[in-house]
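> The following block contains the structure, expressed as structure tokens.
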Amino acid sequence: MPIDWFPLWLSLRVAFVSTMLAIALGLSIAYLLANRDFRGKEIVDAAVTLPLVLPPTVIGFYLLVVIGRASPLGRIWEQIFRSPLVFTWKAAVIAALLHSLPLLVKSARAALESVDRSCERAARTLGASEWRLFWRVTLPLARRSIMAASALAFARSLGEFGATLMVAGNIPGRTQTVALAIYDAYENGNTTVALTLVLVISAVALGILTFSNWLSPK
């Protein structure tokens, strides 16, 4: 039976977009947690980490409440783009983002906290602004750890299943990611297709994890 490679390409696309969003959002949160003291800091940290411990179906239910067609956000999206957000590949991106963001925030925060503060103090004495300090000193010193965390976030996005099924559905040729395709193929008795996709996604994940380990500071 010929194998439809669309789920693999869709998974890579979803993982790439969600990882880019996770980097942008996660670095901001990680910097805030690593460099600022404020009331409720630990609550923010716990809230960011929560998707790691909640069942995927719970995350999916929350997403349906927040971005479903009956929600304010869902209605605004539909008015602007003339189509619902749920049961699209964009909903799969949001589901993957919620599961990859905690990994990136945790790792990025640890990397930013490990930066030698004497380098930052020296930059401040030379008149560097906080914005310039982050981009020219802090980020370059932590870049390998952050890149490794980004690779892990990408790998985590590739394997998202439960929340994706609830908010994006399992529509062949539209929202069926590789994890959903494997489940669908096995349920229909197409073990050869399921095995092939399992081996391919395992090889991709192994390559990503090897790259992440290579990036990690020695």
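The values are calculated or read from the model by the stated rules, or taken from the named source; none is laboratory data. As the structure is a computational prediction, the values presented were derived from the model and not from experiment. Neighbour counts are summed over all protein chains in view; Cβ atoms, including those assigned to glycine, are modelled from backbone coordinates with ideal geometry.
> List every residue pair whose Cβ atoms sit under 7 Å apart, with the two residues 6 or more apart in sequence or on different chains, where the first one lies in the range 36-60 and is surrounded by fewer than 10 Cβ atoms within 10 Å (Cβ to Cβ) and the second, anywhere, is among the aliphatic types (A, V, I, L, M).
none
> Tell me which residues, restricted to the range 172-218, are part of a loop (DSSP other than H, G, I, E, B), buried (at least 17 other Cβ atoms within 10 Å of the Cβ) and among the hydroxyl-bearing types (Ser, Thr, Tyr).
Restricting attention to the range 172-218, the residues satisfying the condition of being part of a loop (DSSP other than H, G, I, E, B) are 172-177, 188-190, 216-218.
Filter once more, keeping what is buried (at least 17 other Cβ atoms within 10 Å of the Cβ): 175-177, 190.
Residues satisfying the conditions are 175, 177.
> So, of the residues in the range 105-132 that are assigned to a helix (DSSP H, G or I) and among the polar types (S, T, N, Q), which turns out to be nearest to residue 46 (Cα to Cα)? Spell out how you get there, then give the answer.
We begin by selecting, within the range 105-132, every residue assigned to a helix (DSSP H, G or I); these are 105-113, 117-125, 130-132.
If we keep only those that are among the polar types (S, T, N, Q) as well, we get 107, 118, 125.
On the way: 107: 14, 118: 29, 125: 34 Å.
Residue satisfying both the conditions and the ranking: 107.
> So residue 73 passes all but one of these: (1) under 18 Å from residue 151 (Cα atoms); (2) modelled with pLDDT of 90 or more. Which condition number does it fail?
Condition (1) is where residue 73 drops out.
> Give all pairs with beta carbons closer than 7 Å in which a residue from the range 129-142 that is hydroxyl-bearing (Ser, Thr, Tyr) meets a residue that is modelled with pLDDT under 85; count only pairs at least 6 apart in sequence or on separate chains.
Listed by first residue and then by second, the contacts come to 138/115; 138/120.
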